[in-house]
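Visitor: Input: one structure, supplied below.
The numbers here are math on the coordinates, done by the rules we state, and not lab data. Please read these numbers as outputs of a predicted model, since none were measured by experiment. When we count neighbours, we look across all protein chains shown, and the Cβ atoms used for this are built from the backbone with ideal geometry, even at glycine.
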Amino acid sequence: MNDIRIIGHLTRDPELKTSANGDEFCRFTVAVNRKTGGNEKADFFDCLTFKQTAAAIAKYMTKGRQIAVGGRMESNTVEKDGQKRTYWQIVALDVEFLGSKNDGRSAAPAEGFTDVTGDVEDPF
């Protein structure tokens, strides 16, 4: 069985590209925090997805947004300068956008509007 599920934050804006046969694909990297002893570290997962999912991620997700990714791990071996290197990536089959649109980033209010988020109690 080859199944992986992660939840983390995008480390950069997703890259949408088109293959030679016209199919869209998207590459992105997800940072997943983990605690080791008293220290926090992060693991970084390169991800790849295709077609409609690729287009949606490129359109709606940006650096820092939280995302859940499910899929399978794949390895690719590349030879460069006589050295073989193996790279791992998640081929994302299931993706869920998590967190809010701003996800901790402060955005300026639109012209003519006042930011009242700190002044209003949550009605829920």
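Visitor: Suppose the chain between GLU24 and PHE97 were pulled fully straight at 0.36 nm per residue; how much longer would it get relative to their current alpha carbon spacing? All intermediate terms of the calculation are to be shown ahead of the outcome.
Guide: Values: separation 73, 0.36 × 73 = 26.28 nm, distance 1.93 nm.
The GLU24-PHE97 span can extend by a further 24.4 nm.
Visitor: Net charge near ARG34: determine it from the other residues with C-beta under 15 Å of the C-beta of ARG34, scoring Lys and Arg +1 and Asp and Glu -1.
Guide: Values: positive: ARG5, LYS35, LYS41; negative: GLU40, ASP43.
That works out to +1.
Visitor: How much length is gained if the chain between LYS84 and ARG34 is pulled fully straight, taking 0.36 nm per residue apart and subtracting their Cα-Cα distance, in nm to one decimal? Walk me through the numbers on the way to the answer.
Guide: Details: separation 50, 0.36 × 50 = 18.00 nm, distance 2.94 nm.
Once the chain is fully extended between LYS84 and ARG34, it gains 15.1 nm.
Visitor: To the nearest 20 debye, what is the magnitude of the charge dipole of the range 4-98 about its Cα centre, counting +1 on the Cβ of each Lys and Arg and -1 on the Cβ of each Asp and Glu? Kindly include the intermediate steps, with their values, before the conclusion.
Guide: On the way: 15 positive and 12 negative charges, 45 e Å.
Approximately 220 debye in magnitude.
Visitor: Moving on. If I histogram all Cα-Cα distances within the range 4-98 using bins 10 Å wide from 0, what percent of pairs lands in each bin?
Guide: For the range 4-98, the binned pair fractions read 16, 44, 29, 10, 1 percent.
Visitor: Among the lysines, select those whose C-alpha is under 23 Å from the C-alpha of LYS51, and discard any that sit fewer than 8 residues away in the same chain.
Guide: Partners within reach: LYS17, LYS59, LYS63, LYS101.
Visitor: Return the whole-Å distance between the Cα centroid of the range 24-49 and the Cα centroid of the range 53-87.
Guide: 10 Å
Visitor: How large is ³J(HN,Hα) for each residue in the range 59-67, as worked out from phi by the Karplus curve 6.51 cos²θ - 1.76 cosθ + 1.60 (θ = phi - 60°), to whole Hz, x for Gly and Pro?
Guide: 7, 9, 9, 9, 3, x, 5, 8, 8
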